[in-house]
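> I'd like to ask some things about the structure below.
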Amino acid sequence: MASLTEYADTARSAEVVESALSRLADMQRRDGGWGWCPGMESSEFITAGVLEYLADLRQMGYLPRQADGIVKKAFAFCDKEFMKDWERTHRKSFSVQALLDYLFIKSAFGAGNNAGFGALEKVAVKGIKDGWKSFSIDDKAKAAILFSRRGDDALAELILESLHQFGSYSQEKGMWFDNLSSDWSGDNRLLTTARVLEAFSAIRPHSTDIDKLRQWLVLSKQTENWGDSRNLAGVIRALLSSGTGWTVPSETPSFRIGGMEIDVPHAVRYTGSMTADLSPGEVSGKTLEVSKKSTGPSWGGVLSQYVAPILEVKAEKTPQLSITKAVYVIEGGQAGEKTVNSPLRVGDRVRVTLSISADRDMDYVAVTDARAACLEPDSQVSEYTVSDGIGMYREIRDESTNLFIPFLPKGTHVVSYDCHVDRAGVFSLGIATAQSQYAPLIVAHSAGAELSVKDTE
């Protein structure tokens, strides 16, 4: 919060902007382009990338007039390079993807053409009109905004309707796109969804899809680390410049349990979070009612802790996360069908499998698997490992095996580790617990069970 106040220092911000533009101008080469590194020749790719960032600032109204000169020179360079590429093929082929991205950037400035670029632009626009149905979600959003800026409202609406039909919807998560791939950084999904939000905001400013897209983005932040890159700034810009007024201060919700009003402490000023401790004797078996007057999104949950015999512990999950645990005997080098329901023998080698299901991508998920006292881990060394394609740090302790998963993709994943049975008796298997470290209310655990072990005959 203290860091955020620095952005309110307009004088300091102006100095930073002036310094950045001055450095950018110094790095610009005579031909108007920028290179990958100082001393390298100008790069069409890098120059277009710089222009894209400047275009975002231009759209927000934060690009100073002193940048006009370097922008004009950069467009002259890019126009010339695109024309060179086109001429090399005798004006027969070009990259629709590259021209779409470039024309999208130019449309933010309303920039004119240089070096006869108008002829290529005309052919490229036709190619985009003919091929947009096969574009990716991100490219469709760019095409919709491009044609909206060019005054072709009918085509922009048609492309936007395609985006609407490709979307997935739910009351809890809002609107998102299931056909977007996931990766450890999440940039593809976040930036693409923010681009679609920008398209809806520009073309259908009163569409209900806008707040649904914002809802999905905000809920993604609940469990993910967005980092501190320029991409993060782009997502936040899309959130704050569209939809209804979610930043307006809201009233504190009211809570009732069994008809009794619950007193809650004042919410944290900037985050709106609040926590109330409830006595089990007063609330057990009663219904919790939450009345919220604000229109913005909110989330919460109820955590309960109690002591119970292991066989009475039932599996618990949230809509976002679940985990189950099973033990298999390894026979002939492979995990067999023999499970915890069958007696084990001292000396058996077993595989503990944890099936973790997530309905969204999550960063920083911790799994604590309490081991039975008769199980000795095959590997005694804590280390980074990969199981079922999931990278994690596995920590071996006397009573548990702990897994720290930096990135858990949406879906169901089975992670496992091997143990040896070292003593006879009846043992508590122990439960496995998975919890989001960003949103501790998103937590799940497996059911309790027992292991029966016989001595070797």
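> At residue 6 and residue 98, where each label point lies 7 Å from the Cα along Cα→Cβ, what is the point-to-point distance in nanometres?
The two pseudo-label positions are separated by 3.8 nm.
> When the convex hull of the Cα atoms of the range 249-318 is projected onto a plane and the area is averaged over all directions, what value comes out in nm²? Numbers along the way, then the final one.
Numbers: hull surface 24.7 nm².
Its average projected convex-hull area is 6.2 nm².
> Towards the positive end of the charge dipole of the range 362-453, with charges on Cβ (+1 Lys, Arg; -1 Asp, Glu), say which of 421, 366, 438 has the farthest Cα.
Value: 438.
> With the crude spin-label approximation of a point 7 Å out along Cα→Cβ, what separation in nm comes out for residue 129 versus residue 395?
About 6.1 nm, to one decimal.
> Follow-up. If I take R0 = 56 Å and measure r between the Cβ atoms of residue 248 and residue 380 in this structure, what FRET efficiency does the formula 1/(1 + (r/R0)^6) give, to the nearest 0.05? Don't skip to the answer; put the middle values down first.
On the way: r = 56 Å, r/R0 = 1.00.
E between residue 248 and residue 380, to the nearest 0.05, is 0.50.
> Which percent of the accessible area of the range 98-172 is formed by carbon and sulfur heavy atoms (probe 1.4 angstrom)?
Details: 1660 of 3280 Å².
The value for the range 98-172 is 51 percent carbon and sulfur by accessible area.
> Related question: So what's the projected area for the range 168-303, the Cα convex hull averaged over all directions, in nm²?
10.1 nm²
> What ranking, highest mean first, results for peptides 130-137, 274-281 when packing means the other Cβ atoms within 10 Å averaged over each residue?
On the way: 130-137: 14.5, 274-281: 9.6.
My ranking of the peptides, most packed first, is 130-137, 274-281.
> Still on this structure, please answer the following. At a temperature of 37 °C and a viscosity of 0.692 mPa s, determine how fast the range 263-379 diffuses translationally according to Stokes-Einstein, using the Kirkwood radius over alpha-carbon pairs as Rh; express D in µm²/s, rounded to the nearest whole number. Can you show the working numbers first?
Details: Rh = 19.1 Å.
Result for D is 172 µm²/s.
> Next question. Counting Lys and Arg as +1 and Asp and Glu as -1, each charge on the Cβ, what is the dipole of the chain about the Cα centre in debye, to the nearest 20?
Dipole size: approximately 1640 debye.
> By how many degrees, 0 to 90 and rounded to 10, does the Cα axis of helix 137-149 deviate from the longest principal axis of the chain?
Between helix and principal axis, roughly 30 degrees.
> Of all the Cα-Cα pairs you can form in the range 359-457, what percent are over 22 Å apart? Working shown, then result.
Numbers: 1650 of 4851 pairs.
So the portion of pairs separated by more than 22 Å is 34 percent.
> Quick one: what do you get for the chain if you divide its Cα Rg by 2.2 N^0.38 Å? Intermediate values should be presented prior to the final figure.
Numbers: Rg = 28.4 Å, N = 457, 2.2 N^0.38 = 22.6 Å.
Its radius of gyration relative to the 2.2 N^0.38 Å reference: 1.26.
> Sticking with this structure for a sec: Once the piece of chain linking residue 263 and residue 305 is laid out straight, how much longer is it, given 0.36 nm per residue of separation minus the C-alpha distance between them?
Values: separation 42, 0.36 × 42 = 15.12 nm, distance 2.10 nm.
Full extension of this stretch gives 13.0 nm more.
> Give me the percent of accessible area attributable to carbon and sulfur for the range 313-457, probe 1.4 angstrom. List each step's numbers first, then the result.
Values: 3330 of 6810 Å².
Carbon and sulfur: 49 percent of the exposed surface of the range 313-457.
> If I model the range 1-137 as equal point scatterers sitting on the Cα atoms and use the Debye formula, what is log10 I(q)/I(0) at q = 0.09, 0.13 Å⁻¹?
-0.33, -0.64
> Please find the FRET efficiency linking residue 276 to residue 31, where r is the Cβ-Cβ separation and R0 is fixed at 60 Å, and quote it to the nearest 0.05. Numbers along the way, then the final one.
Working: r = 64 Å, r/R0 = 1.07.
Taking R0 as 60 Å, the efficiency between residue 276 and residue 31 is 0.40.
> Same structure again: Are there trypsin sites (Lys or Arg not before Pro) in the range 245-330 that DSSP puts in a loop and that have at most 16 other Cβ atoms within 10 Å, and which ones? Each step should come with its number before you reach the end.
Numbers: sites: 256, 269, 286, 292, 293, 314, 317, 325; in loops: 269, 286, 292, 293, 314, 317.
Of the trypsin sites (Lys or Arg not before Pro), the ones in loops of the range 245-330 whose Cβ has at most 16 other Cβ atoms within 10 Å are 269, 286, 292, 293, 314, 317.
> Let me ask another. State, as an integer percentage, the relative contact order of the range 18-68 based on alpha-carbon contacts under 8 Å between residues 6 or more apart. Before the final figure, lay out each step's value.
Values: 26 pairs, mean separation 10.7, N = 51.
Relative contact order comes out at 21 percent.
> Right, another one. Does anyone have the angle between helix 10-27 and the longest principal axis of the chain? Alpha-carbon axes, 0 to 90°, nearest 10?
70 degrees
> Work out how much length residue 14 to residue 150 would gain on full extension: take 0.36 nm times their residue separation and subtract the Cα-Cα distance, in nm to one decimal. All intermediate terms of the calculation are to be shown ahead of the outcome.
On the way: separation 136, 0.36 × 136 = 48.96 nm, distance 3.26 nm.
Working it through step by step, the gained length comes to 45.7 nm.
> At 1.4 Å probe size, with every protein chain present, just tell me what the per residue accessible area of the range 200-318 comes to in Å². Intermediate results must be reported in sequence, preceding the final value.
Working: 8240 Å² over 119 residues.
Counting only protein heavy atoms, the per-residue value for the range 200-318 is 69 Å².
> For the range 1-99, which GluC sites (Glu not before Pro) are both in a DSSP coil and crowded by at most 12 other Cβ atoms within 10 Å? Mind showing how you got there, number by number?
Details: sites: 6, 15, 18, 41, 44, 52, 81, 87; in loops: 41.
The qualifying sites are 41.
> Please report the spacing between the Cα centers of the range 1-77 and the range 235-290 in Å, no decimals.
What the calculation gives is 42 Å, centre to centre.
> Enter the angle in degrees (range 0 to 90, nearest 10) between the Cα long axis of helix 209-223 and the first principal axis of the Cα atoms of the chain, meaning the one along which they spread out most.
Computed tilt is about 50 degrees.
> Give the residue from 311, 270, 141 lying farthest towards the positive end of the charge dipole for the chain; charges sit on Cβ (+1 for Lys and Arg, -1 for Asp and Glu) and the dipole is referred to the Cα centre.
141
> Starting from the Cα of residue 441, step 7 Å along the direction of its Cβ; do the same at residue 52; then give the gap between the two resulting points in nm.
A separation of 3.6 nm, rounded to one decimal place.
> Rounded to the nearest 20 Debye, what is the dipole magnitude of the range 327-457 about its Cα centre when Lys and Arg each give +1 and Asp and Glu each give -1 at the C-beta? Working shown, then result.
On the way: 11 positive and 19 negative charges, 39 e Å.
Computed about the Cα centre, the dipole is about 180 debye.
> Pull up the cross-link candidates among the lysines for residue 292, meaning alpha carbon to alpha carbon under 21 Å and not fewer than 8 places away within one chain.
Within reach: 173, 212.
> Then there's this: Can you tell me the length gained on complete extension of the stretch residue 404 to residue 230, counting 0.36 nm per residue apart and subtracting the Cα distance?
Extra length from residue 404 to residue 230 when fully extended: 59.9 nm.
The values are calculated or read from the model by the stated rules, or taken from the named source; none is laboratory data. Worth saying up front: this structure is predicted, and the values here are computed from it rather than measured. Glycine gets a Cβ as well: all are built from the backbone with ideal geometry, and neighbour counts include every protein chain shown. The protein model used for the area step is the full one, side chains on, heavy atoms only, and it has no ligands, DNA or RNA in it. Shrake-Rupley method; radii C 1.70, N 1.55, O 1.52, S 1.80 Å.
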